[in-house]
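Q: Structure below; questions to follow.
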Amino acid sequence: MGALGGMRRNVEVKARVRALAEARGAAERLLRAGPGEPGPGEPGPGEPGPGEPGPGEPGTGEGHAQGTGDGHAQGTGPGQLLVQADTFFRVPRGRLKLRRTQDGRGELIFYERPDTAGPKLSSFTITPTADPDGLEAVLAQALGVLGIVRKERLLYLVGQTRVHLDRVEGLGDFLELEVVLRPEQSVQDGERVARELLRELGVGEHDLISGAYLDLLLAKGQPGTGAEPPQCHPQAGQGQQS
């Protein structure tokens, strides 16, 4: 495995989505409008999130767009379809997860962020692996498995923000924003960008959620959250029920 660098920073926020088609339409309208020119202290172009492709780049460990060869997924317009299964391990602080994708690759991701609603700082480190089965077996034996989150993600890039429309197995539909901070930017800069995007997407404070998808699954007592590691190897182009 080769590390992708040191700790990186996002400002993140999650919200429930009642009508996924409407949220998708709102995200695509933002793309058509294009991000405005950044003013003093305002964010500019960003970087890829944890393992995800940046503008004009092919998919990486998070998953590939399937089909058209122009960075777009078939049937998703400007969005990029990512199929993901995350196995979370027991750790003394933060969260540690192994992300698997339909191409058989994986990424180990460690992150720390507050379990609060609204935009907040997330600090993370990732490293890819070509042997997710072996790595997962070792981590499961050493640490134990907390649970598994499976989802289909539609990714849009709006300026420096990664707009995720997630269909999570056992939970439903969600919107997640990741504002990728540049080194000179403050958390407050990222929070301002996130809140403006939430307003433009029509997301209210009452829609915001705290914690991770795993927390919601565990609270529901969903099956598949035991200590046995998952097998996630769908063929390229096949989605999973989310």
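Q: Suppose the filter is closer than 14 Å to residue 122 by Cβ, surrounded by fewer than 19 Cβ atoms within 10 Å (Cβ to Cβ) and acidic (Asp, Glu); does residue 191 pass it?
A: On the way: closer than 14 Å to residue 122 by Cβ: yes; surrounded by fewer than 19 Cβ atoms within 10 Å (Cβ to Cβ): yes; acidic (Asp, Glu): yes.
The answer is yes for residue 191.
Q: Which members of the stretch 121-132 meet the condition of being in a strand (DSSP E or B), crowded, with 19+ Cβ neighbours inside 10 Å and not aliphatic (A, V, I, L, M)? So that I can check it myself, show each step before the final result.
A: Quick first cut of the stretch 121-132, residues in a strand (DSSP E or B) only: 121-129.
Those still in the list that are crowded, with 19+ Cβ neighbours inside 10 Å too: 122, 124, 126, 129.
Matches in the stretch 121-132: 122, 124, 129.
Q: Shifting gears a bit: Take the stretch 84-100 and flag every residue that is in a strand (DSSP E or B) and of a type in the set (Lys, Arg). So that I can check it myself, show each step before the final result.
A: Let us first name the residues in the stretch 84-100 that are in a strand (DSSP E or B), namely 84-89, 95-100.
Answer for the stretch 84-100, where residues must be in a strand (DSSP E or B) and of a type in the set (Lys, Arg): 95, 97, 99, 100.
Q: So, one more: Collect the residues in the stretch 136-172 that are among the polar types (S, T, N, Q) and farther than 21 Å from residue 9 by Cβ, keeping them in residue-number order. Let's see the steps before the verdict.
A: The initial filter retains those residues of the stretch 136-172 that are among the polar types (S, T, N, Q), namely 141, 160-161.
Passing the criteria: only 141.
Q: Just one of the numbered conditions (1) surrounded by fewer than 18 Cβ atoms within 10 Å (Cβ to Cβ); (2) of a type in the set (A, V, I, L, M); (3) modelled with pLDDT under 95 is not true of residue 143; which one?
A: The one condition residue 143 does not meet is (3).
The values are calculated or read from the model by the stated rules, or taken from the named source; none is laboratory data. Quick caveat, the model's predicted, so the values are computed rather than measured. Reconstructed Cβ throughout: ideal geometry from the backbone, glycine too, with neighbour counts over all protein chains shown.
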